Each structure stands twice: as C-alpha cells, then as structure tokens.
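One structure below.
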Amino acid sequence: QQQVKQSPQSLIVQKGGISIINCAYENTAFDYFPWYQQFPGKGPALLIAIRPDVSEKKEGRFTISFNKSAKQFSLHIMDSQPGDSATYFCAASILGFGNEKLTFGTGTRLTIIP
Amino acid sequence: EAQVTQNPRYLITVTGKKLTVTCSQNMNHEYMSWYRQDPGLGLRQIYYSMNVEVTDKGDVPEGYKVSRKEKRNFPLILESPSPNQTSLYFCASNSGLPSDNEQFFGPGTRLTVL
C-alpha cells in the first residue's frame, strides 16, 4: 500500500521558473513531512521539512506548503536553477514513535533546462 | 566529517551466494536503518535498529538479516540472494531525538543478483 503518493513522476522546468511537486498522505498520525533531494550516485539528503502545526515553511528558494485538512503537501522551488536538477522524494513519519521510519513517495525526477 | 559509509558500492553476485553489505556511521547516532530503492517504488525500509542489540523488521524484511553489535556498525546480510533483491541499497542513521528525524544516508550500494 502506498501511504504517500507523489506526483509528477518527472518534471521539466525552464531555468528561472517555478518547480512544483505534490504529495498526498493517508495516515493522519504522520506529524513530520520532509523532502529529500538525491543527486545521481548519491544518497538522499534532507532538503527541508515541516511539522503540521504550520501551513508553510520557506528556506531560501525552497518552500513547503502544507494542507492538513486535505492531507497534502507540496514543494515549490522558486527561480529554478540547473543545479536543482535531481530526484526529489517527499516523505512522512511519526516523531517519537521509536522506529523513526520514513515512508517515502515514489520520487520526482526534476530537470531544469537553460 | 560526519558521514555514513557503505561498502561495497557496487556488487554483482549469483543466486544463493551469501553476501554482507557493511554500514558505519561516525555521528554516535542511536538509530540506524536499511532501505532499498527501486524505480517507481521510492525507498522502502528493510530493517532498523534503535540501539545495540535492538533490531526490528521494516516494511520489506524478507530475505534479509541484520545485526547491531556495535553502535556505529549495522551490516546487512543476504543469506541466499535472489534476483528480486537486485536493487540500490541505502544505510541511514539518525539521532533518535523526539524532535529530530533527519536521516543521514550513505552513498548507496548497487547490488545485482544474477
């Protein structure tokens, strides 16, 4: 069962444009929603994360928007740059549950073209 | 440098030949996990460990074993590998603090089972 659904599978955006990746979750017990960025040949690395008590979190060009009632969250990359080309994974977990397991989405391959 | 290391990075083997993928972290983290990454499926947790000698199954544990005899090491063992275990494997660690679930991933091990 896919508890975190991510779309689109791939995305091509022009340099300077806005990249938007969406995720939806099912388990209302999730209380931590990170985004991970993965470059080819590397492991995923935390990009930005949000707790459900806020609707938006911004770090530089990266913003998470969170809609608790719709059980959806999204990553916005403003002024997208070629260096942002990577695979992005949304994830969700329950903090303090013991396992600290991340439930990942299926990933979005983002390509920024000049 | 704080890091998670894995070895080997690439491995080609044959069905039934036992293998071990090593994982080590130098951040004194309590929690360690193994994930496998497959196209269209994202990352799925195989096993996790909350401390030395404490391990438990994740979402896809069949065909795998782990051990945690030292805090820094968490090897993944495939007693009798099969072709459906061909995948990209990541070890991860995190502090286990209730307010922080940033997971630090190793560089990955690409395994092919013929």
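Among the residues of region B:78-112, just one is away from chain A (no Cβ under 12 Å), touching a Lys or Arg at 6+ places or on another chain (Cβ under 6 Å) and surrounded by 14 or more Cβ atoms within 10 Å (Cβ to Cβ), namely B:S87. Among the residues making up region A:37-61, a single one is in contact (Cβ under 8 Å) with a residue 24 or more places away in the chain and facing chain B (nearest Cβ under 8 Å): A:P44.
Tallying residues that are under 15 Å from B:N28 (Cβ atoms) and either in contact with a helix residue (DSSP H, G or I) (Cβ under 9 Å, 6 or more places away or on another chain) or not in a loop (DSSP other than H, G, I, E, B) (or both) within region B:66-91 yields 1.
Listed by position, the strands (runs of 3 or more DSSP E) enclosed by region A:27-71 that each have at least 1 residues that are more than 30 Å from B:R9 (Cα to Cα) are A:45-50, A:56-59, A:62-67. If the condition is being hydrophobic (A, V, I, L, M, F, W, C) and under 10 Å from the mean Cα position of the chain (by Cα), then region A:78-91 contributes A:F89, A:C90, A:A91. Among the residues of region B:1-26, those identified as touching a residue at least 60 places away in the same chain (Cβ under 8 Å) and of a type in the set (S, T, N, Q) are B:Q3, B:T5, B:Q6, B:N7, B:T13, B:T15, B:Q25. Take the conditions (1) modelled with pLDDT of 95 or more; (2) basic (K, R); (3) surrounded by fewer than 18 Cβ atoms within 10 Å (Cβ to Cβ); B:R36 misses just one of them, which is (3). Hey, among the residues in region A:24-36 that are touching a strand residue (DSSP E or B) at 6+ places or on another chain (Cβ under 6 Å) and either aromatic (F, W, Y) or more than 11 Å from chain B (Cβ to nearest Cβ) (or both), which one's farthest from A:K101 (Cα to Cα)? Out of the qualifying residues, it is A:A24.
Note on region B:27-57: among residues that are charged (D, E, K, R) and free of Cβ contacts under 8 Å to residues at least 12 places away in the same chain, the one that is nearest to B:R68 (Cα to Cα) is B:D56. Restricting attention to region B:39-65 and to residues that are more than 9 Å from chain A (Cβ to nearest Cβ), in a strand (DSSP E or B) and over 11 Å from the mean Cα position of the chain (by Cα), the residue that is surrounded by the most Cβ atoms within 10 Å (Cβ to Cβ) turns out to be B:T55.
The values are calculated or read from the model by the stated rules, or taken from the named source; none is laboratory data. The model shown is predicted, which means the values in this text are computed figures rather than measured ones. Every residue, glycine among them, receives a Cβ derived from its backbone with ideal geometry; neighbour counts consider all protein chains shown.
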